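Reading through the structure tokens given below for one structure.
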Amino acid sequence: MALLEVRDVCYIYPGAQPVEALRDITFEVERNEFISVIGPSGCGKSTLLRLLSDLLPIDKGEVLIAGEPAVVARRKREIGFVFQDPALMPWRSSLKNVRLPLEVLRRDGASEKATSESLLRLVGLGDFTAKRPDQLSGGMRQRVSIARALTYDPPLLLMDEPFGALDQITRDEMNIELLNIWEQKQSTVVFVTHSIGEAIYLSDRIVVLSPRPGRIVDIVDVPLPRPRDPAIKRSREFFDIETSLLGTLEGRRIHG
Amino acid sequence: MAKPVEAGAPVEGARPIQQPSRHARSPFERVWLALSRFMLPAFVVAVFLAIWQWLPPALNIPTYELPNLSTTLQGLQNNWPDLGNALLVTTQDALAGFIIGNALAILGATVFAYSANMERAFYPLAILVQTIPIVVYVPLLIILFDQVPLLANNAQALAVVGVTILISFFPTLVNMTVGFKSIDPRVYELMRLLNASRTQIFIKLRFPSAIPFLFSSLKITSTLAFVGAIVGEWMANSGINPVGSVLDGFGVHTLLGFPTNPSQASGVGGQLNLFYFRLDKPGLFASVVTVSILSILFFGLMVLLERVLIPWQKSQ
Ligand SMILES: Nc1ncnc2c1ncn2[C@@H]1O[C@H](COP(=O)(O)OP(=O)(O)OP(=O)(O)O)[C@@H](O)[C@H]1O
Ligand SMILES: [Mg+2]
């Protein structure tokens with residue numbers, strides 16, 4: 001059974017002028033799969049993640065996580081979320097920010113404290129545990145927020161353009177780290193991005209959305225071998241997938 | 001396949017975060033910068049004090065009409081034990097009102113944070129009350145307390161504390177109500193994802209988010225509490241007839257010829273009244289100067305506390 005099943009999901013933002021954000025979204029994500037969602041700005045990518053995590057109530061359709069509705073999965077703390085901005089508490093040190101979920105879950109024992117520290121080491125911030133967010137760079141803050149989302153070992157990790165605000169060099173480095181973490185943690189990731197290259201480098205499959213209202217235009221397989229070396233971005237296969245995705249986004253089907 | 005970056009290796013390099021500076025400052029420049037922070041304002045104060053000391057005599061204004069610095073210090077010395085006691089009373093009035101008023105306000109805002117209906121019922125009124133100059137409620141409070149047998153004996157003193165409570169209460173209530181809502185919406189969503197309880201959200205998110213708002217309000221109310229205490233004392237102690245006292249407080253009293261009996265002066269406000277009617281201008285000036293210094297010190301304490309307790313808020 002797939003870990004995440006999305007069936008016929010539609011969403012309309014209510015209001016004086018209702019905005020139809022998503023229409024008839026159906027896809028599945030297997031356990032331990034890394035899937036990306038790309039599409040033009042405003043097509044409903046963030047809305048989709050918010051529906052998957054029960055931050056928005058579902059109008060129509062169905063979201064099942066491990067066979068149960070999203071509300072249940074959220075209550076069972078099975079969903080981790082990394083936002084576009086780090087969303088840290090400015091009064092807490094890196095370590096305390098990472099430990100926040102454990103405090104809320106009242107799992108704040110000594111072994112959990114060690115987990116938080118090792119997660120910070122995992123994202124390369126072992127020497128910065130005592131620093132507050134205002135003492136860190138933007139990329140470092142984002143890494144703290146990734147470590148925070150991993151503390152309670154959610155089976156499903158949703159990431160909404162987590163590296164969107166970073167420069168290309170840092171972004172590439174973060175991608176490498178993210179793949180390392182994902183391979184170590186064996187989690188399932190739904191990753192939203194604007195960047196085609198990022199989507200191909202990271203994913204097993206890519207969901208391509210149309211402009212608003214967002215509909216699924218195509219779901220593209222990425223048959224590149226793992227573990228992936230960054231040099232793969234200059235390979236022939238990578239380039240072919242990129243060309244085909246560009247075509248899909250422009251509305252022309254090159255193949256399939 | 002080679003991995004160019006190990007998991008866990010600090011990617012961005014472990015450089016300490018430094019403040020950017022355009023050029024390195026020489027030791028002399030640094031000392032001057034530090035000194036000028038304190039020396040320049042101190043110099044301005046010194047010039048002001050010198051003008052105050054020398055200008056009235058130079059213009060042939062007698063110092064008993066317009067006391068200069070040394071006459072004021074003389075006035076301080078002549079009235080010392082009384083003035084000292086008055087300062088103590090005023091500080092007590094102000095502190096009691098400041099602490100009780102702020103504590104009640106935090107409690108009230110907490111109730112609002114938990115009950116939207118309570119907030120809808122009372123918050124608009126709190127904003128309205130903020131526009132009222134609350135010190136005019138002193139005579140009203142005296143009349144009110146006079147009707148309560150237990151309080152009647154101390155009606156005037158209680159009215160002064162009551163007014164400092166009110167004057168501290170409303171700004172903090174309004175500020176904290178806003179502060180409890182000024183949370184990062186993303187962090188709030190994170191708390192929801194964690195299925196955090198209302199109380200966890202309050203303690204871990206709302207309360208810390210409101211601390212900067214609390215301090216901006218503490219800075220305002222630390223000053224207001226002294227205003228409330230002094231004006232309250234002035235009104236409460238200026239005569240037998242509380243309504244007359246209010247008029248007196250605004251200087252109308254003498255014009256209308258109300259009887260006054262400012263014998264038992266309490267607090268700096270009462271003392272001011274006394275000096276005013278005795279035409280003891282050096283005493284009057286001494287009261288004003290000492291209470292100004294006291295109020296500045298109290299405000300400074302709040303600024304210091306803010307610096308120490310919320311270091312992540314560097315601005316302001
Ligand atoms: N709270 C809201 N109320 C009304 N409309 C909204 C709201 N949030 C988003 N929308 C609309 O829904 C559509 C989808 O928004 P969404 O944020 O999901 O897009 P997105 O794909 O994440 O865009 P981006 O790539 O720029 O982040 C947009 O057209 C937006 O105007
Ligand atoms: Mg978005």
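Any chance the stretch A:89-105 includes a residue that's open to solvent by less than 20 Å² (accessible area, probe 1.4 Å), within 16 Å of ligand 1 (Cβ to nearest atom), in a loop (DSSP other than H, G, I, E, B) and closer than 30 Å to A:S137 by Cα?
no
When you scan the stretch B:173-252 for helices (runs of 4 or more DSSP H) that lie fully inside it, which ones turn up with 2 or more residues that are over 30 Å from A:R74 (Cβ atoms) and modelled with pLDDT of 95 or more?
Correct list: B:207-236.
Taking A:V71 as the residue in question, decide whether it is within 13 Å of another protein chain (Cβ to nearest Cβ) and more than 16 Å from ligand 2 (Cβ to nearest atom).
Considered against the rule, which asks whether it is within 13 Å of another protein chain (Cβ to nearest Cβ) and more than 16 Å from ligand 2 (Cβ to nearest atom), A:V71 comes out as yes.
Suppose the filter is more than 29 Å from A:L150 (Cα to Cα), part of a strand (DSSP E or B) and more than 16 Å from ligand 2 (Cβ to nearest atom); does A:D240 pass it?
no
Could you tell me how many of the residues in the stretch A:64-85 are within 16 Å of ligand 1 (Cβ to nearest atom) and part of a loop (DSSP other than H, G, I, E, B)?
Going through the stretch A:64-85 one residue at a time, the tally reaches 3.
Would you pick out the residues in the stretch A:192-223 that are within 15 Å of ligand 2 (Cβ to nearest atom) and either modelled with pLDDT of 95 or more or open to solvent by less than 40 Å² (accessible area, probe 1.4 Å) (or both)? Even if it seems obvious, please write down each step before you answer.
Initially, the stretch A:192-223 is screened for residues within 15 Å of ligand 2 (Cβ to nearest atom), giving A:192-195, A:198-199, A:207, A:209, A:211-214.
Hits for the stretch A:192-223 are A:V192, A:T193, A:S195, A:E198, A:A199, A:V207, A:L209, A:P213, A:G214.
As an exercise: evaluate A:S145 against (1) facing another protein chain (nearest Cβ under 10 Å); (2) among the hydroxyl-bearing types (S, T, Y); (3) touching a helix residue (DSSP H, G or I) at 6+ places or on another chain (Cβ under 7 Å) and give the number of the one condition it does not meet.
Looking at each condition in turn, A:S145 falls short on (3).
Mind listing whichever residues of the stretch A:107-142 are modelled with pLDDT of 90 or more, part of a loop (DSSP other than H, G, I, E, B) and within 11 Å of chain B (Cβ to nearest Cβ)?
Matches in the stretch A:107-142: A:L125, A:K131, A:R132, A:L136, A:S137.
A:L51: within 15 Å of ligand 1 (Cβ to nearest atom) and either surrounded by fewer than 23 Cβ atoms within 10 Å (Cβ to Cβ) or within 9 Å of another protein chain (Cβ to nearest Cβ) (or both), yes or no? Steps first, please.
Details: within 15 Å of ligand 1 (Cβ to nearest atom): yes; either surrounded by fewer than 23 Cβ atoms within 10 Å (Cβ to Cβ) or within 9 Å of another protein chain (Cβ to nearest Cβ) (or both): no.
No, not satisfied.
Do you know which residues across the stretch A:143-176 are away from ligand 1 (no atom under 16 Å from the Cβ), open to solvent by 30 Å² or more (accessible area, probe 1.4 Å) and part of a loop (DSSP other than H, G, I, E, B)?
Those that are away from ligand 1 (no atom under 16 Å from the Cβ), open to solvent by 30 Å² or more (accessible area, probe 1.4 Å) and part of a loop (DSSP other than H, G, I, E, B): A:D153, A:P155, A:D167.
So is A:P86 within 14 Å of chain B (Cβ to nearest Cβ) and open to solvent by 10 Å² or more (accessible area, probe 1.4 Å) or not?
Numbers: within 14 Å of chain B (Cβ to nearest Cβ): yes; open to solvent by 10 Å² or more (accessible area, probe 1.4 Å): yes.
So A:P86 fits the description; yes.
Would you point out which residue out of B:I106, B:I99 is surrounded by fewer than 16 Cβ atoms within 10 Å (Cβ to Cβ) and at pLDDT 90 or above?
Numbers: B:I106 fails: surrounded by fewer than 16 Cβ atoms within 10 Å (Cβ to Cβ).
Residue meeting the stated conditions: B:I99.
Among residues belonging to the stretch A:23-41 that are away from ligand 1 (no atom under 16 Å from the Cβ) and in contact with a Leu (Cβ under 7 Å, 6 or more places away or on another chain), point out the one that is nearest to the other protein chains (Cβ to nearest Cβ).
A:F34
The values are calculated or read from the model by the stated rules, or taken from the named source; none is laboratory data. Bear in mind the structure is a predicted one, so any value in this text is a computation, not a measurement. Cβ: placed from backbone, ideal geometry, glycine included. Neighbour counts: every protein chain shown. Note: accessible area is taken over every heavy atom of the protein model, side chains too, but ligands, DNA and RNA are not part of it. Shrake-Rupley method; radii C 1.70, N 1.55, O 1.52, S 1.80 Å.
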